[in-house]
1. Radius of gyration and Dmax for the stretch 220-344's Cα atoms, expressed in Å?
2. Considering only DSSP beta bridges with both partners in the chain, what is the antiparallel share in %, to the nearest 5?
3. Which three semi-axes in whole Å describe the equivalent ellipsoid of the chain, each the square root of 5 times a Cα gyration tensor eigenvalue, listed largest first?
4. Sequence neighbours fewer than 8 away in the same chain don't count; with that in mind, list the lysines whose C-alpha is under 22 Å from K422.
5. Is the C-alpha gyration tensor of the stretch 412-540 telling us rounded, prolate or oblate? Criteria: a/c under 1.5 is rounded; beyond that, a/b larger than b/c is prolate, otherwise oblate.
6. Whole-Hz Karplus ³J(HN,Hα) for the stretch 177-194, in order, using 6.51 cos²θ - 1.76 cosθ + 1.60 and θ = phi - 60°, x for Gly and Pro?
7. Find the centroid of the Cα atoms in the stretch 404-437 and in the stretch 63-139, then give the distance between the two in whole Å.
8. Taking the Cα centre of the stretch 253-349 as origin, work out the dipole magnitude from +1 charges on Lys and Arg Cβ and -1 charges on Asp and Glu Cβ, in debye rounded to 20.
Amino acid sequence: MKWSLKELYTGFDSKEFLDDFGSLDTAIEAYSNWADENLRSKDNPLEKIETFINYSISLSKSFSKLMSFSHLTNAVEAKNETSLQYLDKLAVKYTQLTKPNVQFKNFIKNVENLDDLIQSSELLKEHDFFLKEIKKETQYLLSEKEEVLISKMQNTGSRAWANLQNMLASTLLVDINIDGEDKQLPLPVVRNLAHDKDPAIRKKAYEAELESYKKIEESSAASLNGIKGEVITTSELRGFESPLEETLFNSRMDKETLDAMLTAMREFLPAFHKYYRKKAELLGHENGLPFYDIFAPMGEVNRSFTYEEAMDYIIENFRTFSDKLADYTQNAYDKNWLDIEPREGKRGGAFCSNLHAIGESRILSNFNGSFSNMTTLAHELGHGYHGFNLKDETVLNAGYPMPIAETASIFCETIVVNAALKEASDEEALSILESSISDAGQVIVDIMSRYIFETELFERRKTHALSVNELKEIMLDAQKQAFGNGLDHNVLHPYMWVNKTHYYSAGRNFYNFPYAFGLLFSKGLYAEYLNSGEEFVSNYDDLLNATGKNNIVDVAKRMDIDVRDPEFFRNSLRLIEKDIEKFIELASK
Ligand SMILES: [Zn+2]
């Protein structure tokens, strides 16, 4: 049930790890010297661009293997000091690439006939989008000196703050009394109790969780203020209107698309409020759902799975979509690419890390056998499958933007959920439908609250560092706006900003709307799949393959979808609204 990392390295003290780590310096130096000698003059642009591409590919491979091994080790052993040391050392070395990279960007900025050059070389043609993106980025580029300085300062700034908060949150022990016994449990274990059948345990877990955050609230607030403050400074320096504009730029998404989506989402919030109120009523609450019952399991039948059962079920249903998807998953299972059970020192939640350098992926979960844990596995495997479709592209064509990142994952989740719905009795259908609406609620309504929170956080952080109380207040206010009368306003979650690690990544601001985009884009694609069947399957793989070298509007166009039109998002939301109506109908029986 633990993942295998030996395909990367057998250990920090292995010869391979030490050799690769040791040869980094030479590789970086060679690249830096080349850049210094060649990128100051404009001659021979074709040859220089080709050399740069080759350097980038090989350096990226060396770095990503070492970084992935350190990062993945740290994800399951928060206190592993060696992994932390290497993460730190690698971050410092990575910083040394800033200068030559900036030199290259400045070089590209001054290349006048870039289009013609691209057409004259196979290697450049292959990296057409990548090179044009660099040219676009140069409008926000600072001087070489400034870029190097910022990059170095981030190691002692935002990254250090993020490390601190990660360490505190992943080692936080929650005091809780269960069955008359006082226990200290890791945070992810306690958060998983939100899915418990026993209402008393859900409530107790919620209260214990909130209580435990007091131990790290001040340090988390300081981290958050440090990180968001830095983001505002650098974003402004680069000439972005706001961190949101910078995020959209980095996401290859335009404001028109975001607005189209938010418009549609706001229109459908009342449908979700109806769902939450119905759930509250079923659980015997009068004033809307208390926060601790958001994830309460519903219905008589509660499917549970062992890890083996979950994987069998996923593979069987993935096969109805395509053998390629099912075989990928079987292989991941057979080769131990997954780390399953929660344990102390292991990170909470779930994630997938695509290891392009070795053409594999690794998945972390905190699996406790629930239906929703099973769908989470399907979700993460979808991320892995996305990476799998990109493994034959060069690494420069394999990076996709955040909003597209959730497409394949949610698509895979939908396959499994719909399969479960089909074979379900009325009682089971109620439970599965409910769980699926609940997940959608997280992605539409909770995400809306996070978007509102982060917008407000950035606004206030411009003038001052926010106090713990202020952060709690704006979180409560955001939840009230998004969840409306669906939730009991006296039992919300003022500490979600301590819990969600996304807020603590300086490079990933507003890592909320991409989830909503992913869900709604996926739902739209899934509807398309139901319409066109077989033909869709290969188009879908092509679409995933294109995500590393297109902006979002163009990726969607491949499937004749206009993401600047709110109507596209409304159609996806109508599918969820239908589920809500069906749930209310079943629940009223
Ligand atoms: Zn995901």
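The values are calculated or read from the model by the stated rules, or taken from the named source; none is laboratory data. All figures in this text were calculated on a predicted structure; none of them were measured in a lab. Using ideal geometry, Cβ is built from the backbone for each residue, glycine included, and neighbour counts are taken over all protein chains shown. When the accessible area is computed, the model is the full protein with side chains, heavy atoms only, and any ligands, DNA or RNA have been set aside. Shrake-Rupley method; radii C 1.70, N 1.55, O 1.52, S 1.80 Å.
1. 22.2, 57
2. On the way: 12 of 15 bridges.
For the chain, the DSSP antiparallel bridge percentage is about 80.
3. 39, 27, 25
4. Answer for K422, where 22 Å is the Cα cut-off: K523, K578, K582, K589, listed by chain and number.
5. Values: a/c = 3.38, a/b = 1.77, b/c = 1.91.
It is oblate, given that a/c is not under 1.5 and a/b is not larger than b/c.
6. Each residue of the stretch 177-194 in turn: 9, 10, 6, x, 10, 6, 10, 10, 10, x, 3, x, 5, 5, 5, 5, 5, 4 Hz.
7. 37 Å
8. On the way: 13 positive and 18 negative charges, 65 e Å.
About 320 debye.
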